[in-house]
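First comes the structure, then the notes that go with it.
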Amino acid sequence: MKRRSYNLCALPLIAIVIVFSLDARADDWPAYRGTHGDGIAAAKSVFPPSGEFSLEVAWKKTIGSGYSGIAVAEGIAVTGFSVDNKDVLAAFDMKTGVERWRFEIENTYTGHDGSHTGPIATPTIVGGRVYGLGAWGRLFALNVKDGSLVWSTHLKDDHEATKPHYGFSTSPFVREGVLVVQGGAKDAALTGFDVKTGKLLWKSGEDTADYQSPVDYNDRGIELMLAPGKKSLIAFAPKTGEISWQFEHKGNGATGAGSLSPVPTSKGNIFLSNKGSGSTVFSISGSAESFKAETKWESKSIRNSYNVPLYHDGSVYAFSSRFLTCVDAETGKSTWRSRAPGDGFLILVDEHLVVVTKKTGEVHIIPATSEGFASVASTPAVGDVVWAHPSFADSAIFVRSMTEIARVDIKKGAATIASANRDNASGNGKFAKFLSDVAKSSKKQETVDAFMETIEGFPLTEGNTVHFLYQGEGSDLAVGSDLFGARQERAMNRVADTDLFYYSATLESDGRVNYVFIRDYEDHLMDARNSRQTKSNIYGKEMAMNFGGEPMDMSWFAMSDWKAPTFFATPDADNKGKVESRKFKSKVAEGIEIELNVYLPAGYIKSKKSYPVAYVFGGRKAMEVGEMPRALDNIVGKSVKPIIAVFIDASGRIDDEKMSESFVTEVIPEVDQNFRTQKNRNSRACIGAGFPGGSAITIAFAKSNLVGKVGTLSMFSFGSVEKGLIPNVMTAKSQRMQLYMDWGKYDLRNPDEAWDLAKTNREFASYLRDRGFKPQGGELNEGTGWSSWKNRTEAVFSSLFPVK
């Protein structure tokens, strides 16, 4: 194959003035990721060898929320979105953007548990028909000219398919007169419908379909499709549904098996990003009778991304985490990776990657070569977050975000390249002066070294500005922090000709957060110049959520007005309480062992009086990481009345409903029978932090006849307030519930994925106030995890059990 030649070092990230003659032919993009579902456009001679082209937004329209991609064919661009409490499919004139028609699918599928609202599946345009699938399960065909309904059926109601947790998302394809849908019904992982009538023609395969779609596959001259399920990869004939072969891919994770798309590479090899932590290439051989799928290689070089990779000329191109990556398809070794242009979604057009960035909505054109990364043209295209792959048709690029759809034309003229300048330092302070001085210095490294010696504490803070500073080895540095959220980091700026990197941010004067440096994409480093260190039980490598995994070492800092707690000091011997451990097998929870570590305050042994009880869910973490017993030693009798604290843990997973019953019929009786407790609702509290905070709220309100107090530290709930937290709020007894709720402004969140647990707490507290409750506490300018939550121990206990 003849390849274009680019001098990668000669492509500065500035405006390039060029002129050329472009001769591109139009091709349809009729379905999810193109004609064959592989993300590759058929068009040739789109980009000239010289790279002389620019990008220009031809039209842009406002739409609603949705994940649906754009199908472009027969003169229209079609996508799905939510508007006015309805999910719709709308067609726009591909050249002008004028809306041609709009079809109402169903009631809006509301986002939940970290998802956005709206349709997910990409429609298909074939033979004068538009085929679509709604998130609730309605499968339908429309007339391409006016959007009128031709036929409709329902995967869940009519065909017993199971709705995936986030809604139906598989994209339909038309093959040989059959509408192929990876529906996920019992004994019917795959289904085929008559394109004319919607009648079910065949069903086959056994597997779970979540957020996967089939792709075309030529198996030694036989045209098949590949369907990735949660457990297996299935090769089948689209005309009949007959399975040619299948094997277990042994994948896992939401970014792995849960959203898997197979990528055929060289002859007989199939790439699968089948695990959240890595990918696999399987080598396929033999006939149906002697079929073998053998692992060719496994690698972590492509991992942890919802983007679907693609194959071109011996390389797999993908986003690995948030970095654009090129991997040798034969070996699995990375040949290059780049932080630019930013996390996003990609397709291949005429030997170029076309990327739309998730955060900024920019379109970038990047030569698909293993020699290295270079963006040869780019333009801002759409606002808001992007969650759909681009499309290519009519010599143009079509992109959409959660609020806009746009056509981007390839034009002759000046090609503008987005600036790589990430300098975010501002103001007139000490650091701004240093940057000015070092820029003028002829001895830059010496200037840096001298400046670093003048700093008394790291990171450097000036007013409400914090400057993260890293000095040392590395070519790419970033900082991850509570400030930015999960699966986020910020690229650091390098001071030219030195080993110093920096990133500046703002934080309130009473703020406290954790942070970590990420060097060359892999190494996670604490700040060597900051002695304040901690372990995060929330974030792991690449700032991914890490519930139950190995804690990650992080540094922390606080601004000038943050007050450090004093209750973690070694207590006086006379104030030290005692912890007794008790265990029993729960009959309610089918034999799961429940452990109760019971904190008895100083003086309990010699006293004969009864004590109120605080039941702490997630007890082991609260004791070991949150250091609650030590905190209680220092605050009981001072700001908190003498209490018994029961730290509750289970050896296995128990849902809130069973835990609620166990709490009433097993835990409370066990404690009341063995310890001197005050046996009334106003003397009992449920307390929890993080996910156990959600359990504490749920159980306290469900059993409000027995519990009169509840306290949460940064309650985690990924469900909506109405559905996830309040089924029992309005009972008569719970109206008198005493409440404490606090949370951090910088608690667990991801700005790209529609979840923010600070917002959830804010909304729930408002919901309660609107219904007559008076929760104490509120929002603090702090981060997430026990390293922050533990500092609020006195606040929750003194609110619920104050010294009178």
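The set of residues in segment 89-116 being part of a loop (DSSP other than H, G, I, E, B), farther than 21 Å from Ala161 by Cα, in contact (Cβ under 8 Å) with a residue 40 or more places away in the chain and open to solvent by 30 Å² or more (accessible area, probe 1.4 Å) consists of Lys95, Asp113, His116. Going by the structure shown, is Asp146 assigned to a loop (DSSP other than H, G, I, E, B) and modelled with pLDDT under 95? So Asp146 fails the test. Applying the set (1) within 16 Å of Gly783 (Cα to Cα); (2) at pLDDT 95 or above; (3) outside any strand (DSSP E or B); (4) open to solvent by 10 Å² or more (accessible area, probe 1.4 Å) to Ala505 leaves exactly one unmet item: (3). So how many residues does segment 539-577 have that are polar (S, T, N, Q) and either under 33 Å from the mean Cα position of the chain (by Cα) or closer than 15 Å to Phe484 by Cα (or both)? Here the count works out to 3.
Restricting attention to segment 207-229, the residues being out of contact with any Asp or Glu (no Cβ under 6 Å at 6 or more places or on another chain) and not in a strand (DSSP E or B) number 10.
Under the condition of being surrounded by fewer than 19 Cβ atoms within 10 Å (Cβ to Cβ) and of a type in the set (Gly, Ala, Ser), the residues counted in segment 136-182 number 3.
Within segment 261-290, the set of residues being outside any loop (DSSP other than H, G, I, E, B) and either of a type in the set (S, T, N, Q) or in contact with a Lys or Arg (Cβ under 6 Å, 6 or more places away or on another chain) (or both) comprises Asn269, Ser273, Asn274, Gly278, Ser279, Thr280, Val281, Ser283, Ser285. Residue count for segment 591-613 satisfying the condition of being touching a residue at least 24 places away in the same chain (Cβ under 8 Å) and loosely packed, with under 13 Cβ neighbours inside 10 Å: 3.
Taking Tyr311 as the residue in question, decide whether it is in a strand (DSSP E or B), of a type in the set (Ser, Thr, Tyr), touching a residue at least 12 places away in the same chain (Cβ under 8 Å) and open to solvent by 10 Å² or more (accessible area, probe 1.4 Å). Answer is yes for this residue. Among the conditions (1) more than 17 Å from Thr124 (Cβ to Cβ); (2) open to solvent by 20 Å² or more (accessible area, probe 1.4 Å); (3) at pLDDT 95 or above, the only one that Phe236 does not satisfy is (2). Meeting the requirement of 3 or more residues that are within 23 Å of the chain's Cα centre (by Cα), the strands (runs of 3 or more DSSP E) wholly within segment 319-360 are 323-328, 344-349, 352-357.
Return yes when Thr793 is at pLDDT 95 or above, part of a loop (DSSP other than H, G, I, E, B) and either touching a Leu at 6+ places or on another chain (Cβ under 9 Å) or not hydroxyl-bearing (Ser, Thr, Tyr) (or both) and no when it is not. Break it down stepwise before answering.
On the way: at pLDDT 95 or above: yes; part of a loop (DSSP other than H, G, I, E, B): no; either touching a Leu at 6+ places or on another chain (Cβ under 9 Å) or not hydroxyl-bearing (Ser, Thr, Tyr) (or both): yes.
So Thr793 does not fit the description; no.
Taking segment 94-115 as the range and being at pLDDT 95 or above and not charged (D, E, K, R) as the test, the residues that pass are Met94, Thr96, Gly97, Val98, Trp101, Phe103, Ile105, Asn107, Thr108, Tyr109.
Every condition in (1) more than 21 Å from Thr255 (Cβ to Cβ); (2) touching a helix residue (DSSP H, G or I) at 6+ places or on another chain (Cβ under 8 Å); (3) of a type outside the set (A, V, I, L, M) holds for Glu351 except the one numbered (2).
Checked against (1) under 27 Å from Ser401 (Cβ atoms); (2) open to solvent by less than 10 Å² (accessible area, probe 1.4 Å), Pro751 meets all criteria but (2). Pairing each residue of segment 64-79 that is closer than 10 Å to Ala393 by Cα with any residue that is open to solvent by less than 10 Å² (accessible area, probe 1.4 Å) and assigned to a loop (DSSP other than H, G, I, E, B), provided the two are 6+ apart or on different chains, yields C-beta distances under 8 Å for Ala71/Ala31; Ala71/Thr122; Ala71/Pro123; Ala77/Ile70. Every test in (1) loosely packed, with under 15 Cβ neighbours inside 10 Å; (2) more than 33 Å from the chain's Cα centre (by Cα) is passed by Gln533 save one, and that test is (2).
Specify the residue that is least open to solvent (accessible area, probe 1.4 Å); the eligible residues are those in segment 769-790 that are outside any helix (DSSP H, G or I), of a type in the set (D, E, K, R) and modelled with pLDDT of 95 or more.
Checking each candidate, the answer is Glu782.
Of the residues making up segment 395-423, those that are open to solvent by less than 50 Å² (accessible area, probe 1.4 Å), modelled with pLDDT under 95 and assigned to a loop (DSSP other than H, G, I, E, B) are Ser395, Gly413, Ile417, Ala418.
Only one of the listed residues (Gly241, Gly258) is assigned to a loop (DSSP other than H, G, I, E, B) and in contact (Cβ under 8 Å) with a residue 12 or more places away in the chain. That residue is Gly241. The residues in segment 377-394 that are open to solvent by 10 Å² or more (accessible area, probe 1.4 Å) and over 25 Å from Glu489 (Cα atoms) can be counted, and the count is 1.
Out of all the residues in segment 284-302, is one or more in contact (Cβ under 8 Å) with a residue 40 or more places away in the chain and within 27 Å of the chain's Cα centre (by Cα)? Before you say what the answer is, go through the steps one by one.
At the first step, the residues of segment 284-302 found to be in contact (Cβ under 8 Å) with a residue 40 or more places away in the chain are 284, 288, 291, 293.
Applying the additional criterion that residues be within 27 Å of the chain's Cα centre (by Cα) yields none.
Checking segment 284-302: not a single residue is in contact (Cβ under 8 Å) with a residue 40 or more places away in the chain and within 27 Å of the chain's Cα centre (by Cα).
The values are calculated or read from the model by the stated rules, or taken from the named source; none is laboratory data. From a predicted model like this one, the values you see are computed outputs, not experimental measurements. All Cβ positions, even for glycine, are placed from backbone atoms using ideal geometry, and neighbour counts span all protein chains on display. These area figures cover heavy atoms from the full protein model, side chains too; ligands, DNA and RNA do not enter into them. Shrake-Rupley method; radii C 1.70, N 1.55, O 1.52, S 1.80 Å.
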